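Some notes on the structure that comes next.
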Amino acid sequence: MLGLSKTHLWAAVEGVGTIEFAVVASMLATLAVGMLDLSMGLWQQMEVGNAARAGAEYVSLRGWDTSAIQTAVTGATSLGSISASPAPVQSCGCPDVTSGVTTATCGSTCSNGTTAGTYVTVSAQASYSTILPYPGMSSPLTLTATTIARIN
């Protein structure tokens, strides 16, 4: 055994720093990849929300046109998987604190005394594939956003 006793082997510290670095570096790399993946997913979710708002903004500026709204949604971001799905919907309703908008007949009087208005619901969705598979989470994920805007 090259003249080393068992007590000398247990007291040897050469290379311990290298082993500690390997353990810590692998944990830090795993955390960094997870944070990168989470950040990219959150960024894409914000892009999907921005696309839905772009469709609602189109309606408020130029009026109702289903295909043009869908074009505004898909053109609002560089995400390749973005779509205006489900299709934009125009409806009449009354504003409600708890549910957003309740369905009502156009021109009728709402419970708060205002006149029912015309609302447009614009939805957008995209798929996001994670970098690594995570337990309990399917990939690709479907990211969705919906915006409701009153147009009159």
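Every number here is computed from the coordinates shown, using simple stated rules; none is lab data. Just so we're clear, the structure is a prediction, and the values are computed from it rather than from any experiment. Glycine also receives a Cβ, built like all others from the backbone with ideal geometry; neighbour counts cover every protein chain displayed.
Scan region 81-110 residue by residue and report those that are in a loop (DSSP other than H, G, I, E, B) and touching a Cys at 6+ places or on another chain (Cβ under 7 Å). So that I can check it myself, show each step before the final result.
Of the residues in region 81-110, the ones in a loop (DSSP other than H, G, I, E, B) are 81-82, 84-88, 97-99, 104-108, 110.
Ala104, Thr105, Cys106, Cys110, listed by residue number.
Before we move on, is Ser83 out of contact with any Gly (no Cβ under 9 Å at 6 or more places or on another chain), crowded, with 16+ Cβ neighbours inside 10 Å and more than 15 Å from Arg150 (Cα to Cα)? Show your work before the answer.
Details: out of contact with any Gly (no Cβ under 9 Å at 6 or more places or on another chain): yes; crowded, with 16+ Cβ neighbours inside 10 Å: yes; more than 15 Å from Arg150 (Cα to Cα): yes.
So Ser83 fits the description; yes.
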*Could you pull out the residue among Gln45, Gln70 that is under 13 Å from Ala145 (Cβ atoms) and either assigned to a helix (DSSP H, G or I) or within 18 Å of the chain's Cα centre (by Cα) (or both)?*
Gln45
*Evaluation of Ser78 against (1) under 26 Å from Thr142 (Cα atoms); (2) touching a residue at least 40 places away in the same chain (Cβ under 8 Å); (3) assigned to a loop (DSSP other than H, G, I, E, B) (one fails), failing number*: (2)
*If you go through region 92-143 one residue at a time, how many are touching a strand residue (DSSP E or B) at 6+ places or on another chain (Cβ under 8 Å) and either surrounded by 15 or more Cβ atoms within 10 Å (Cβ to Cβ) or not polar (S, T, N, Q) (or both)?*
28
*Hey, can you tell me all the residues within region 98-119 that are touching a Ser or Thr at 6+ places or on another chain (Cβ under 6 Å) and either over 27 Å from Ile69 (Cα atoms) or of a type in the set (Gly, Ala, Ser) (or both)?*
Ala116
*Boolean, Gly100 is among the small types (Gly, Ala, Ser), without any contact (Cβ under 8 Å) to a residue 40 or more places away in the chain and farther than 16 Å from Gly41 by Cβ*: no
*Output the number of residues of region 135-152 satisfying the condition of being touching a residue at least 40 places away in the same chain (Cβ under 8 Å) and either within 20 Å of Ala32 (Cα to Cα) or of a type in the set (Val, Ile, Thr) (or both).*
5
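Which of the residues belonging to region 114-133 are touching a residue at least 24 places away in the same chain (Cβ under 8 Å) and farther than 30 Å from Val59 by Cα?
Narrowing region 114-133 to residues touching a residue at least 24 places away in the same chain (Cβ under 8 Å): 116-128, 130-132.
Hits for region 114-133 are Thr130, Ile131, Leu132.
Identify, from the list Ser85, Ser39, the residue that is within 18 Å of Leu141 (Cβ to Cβ) and touching a residue at least 24 places away in the same chain (Cβ under 8 Å). If you could, list the steps in order and put the result at the bottom.
Working: Ser39 fails: touching a residue at least 24 places away in the same chain (Cβ under 8 Å).
That would be Ser85, the only listed residue that is within 18 Å of Leu141 (Cβ to Cβ) and touching a residue at least 24 places away in the same chain (Cβ under 8 Å).
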